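Colleague: Questions regarding the structure given below will be posed in turn.
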Amino acid sequence: MLKQNTKPDLMSIRKSEERDKPFSRLNFWLMGGCLILVLLGYLFMSGGGSTEANGFNPEIFSTRRIVVGPLLSFLGFLLMAFAIICPPYKWKKKRI
């Protein structure tokens, strides 16, 4: 009677574990970059008000606060959705 090898193959276990992961390292890098982009947009939108009680500060209508900040935040949120939906890509070198 032949004895069957009951040890699990380590390569097949490792491959099945990689397939079960919903995100790859690239997804996490993309999500981190998008988070930085969103935070940078909010930083551009922030700023102080007037120093006087009833004074008007025209800096609240600057291009940086009205256009650049919201645009960066919107792009960050949009790219974050892409980073989450993007399928995990395996960086493998093809051997010739």
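All of the numbers you see were taken from the coordinates with simple rules; none came from a lab. Bear in mind the structure is a predicted one, so any value in this text is a computation, not a measurement. Heads up, the Cβs are rebuilt from the backbone with ideal geometry, glycines too, and the neighbour counts pull from every protein chain shown.
Colleague: For L75 paired with S62, estimate the spin-label separation in nm (one decimal), with each label point 7 Å from Cα along the Cα-to-Cβ line.
Modeller: For the pair L75/S62, the computed spacing is 1.9 nm.
Colleague: Hey, can you rank 20-26, 80-86 by average C-beta count inside 10 Å, highest first?
Modeller: Numbers: 20-26: 11.6, 80-86: 13.4.
Highest mean packing first, the order is 80-86, 20-26.
Colleague: Here is a follow-up. Calculate the spin-label point distance for M45 paired with K21, positioning each point 7 Å from the Cα along the beta-carbon direction, and give it in nanometres.
Modeller: Result for the modelled spin labels: 3.4 nm.
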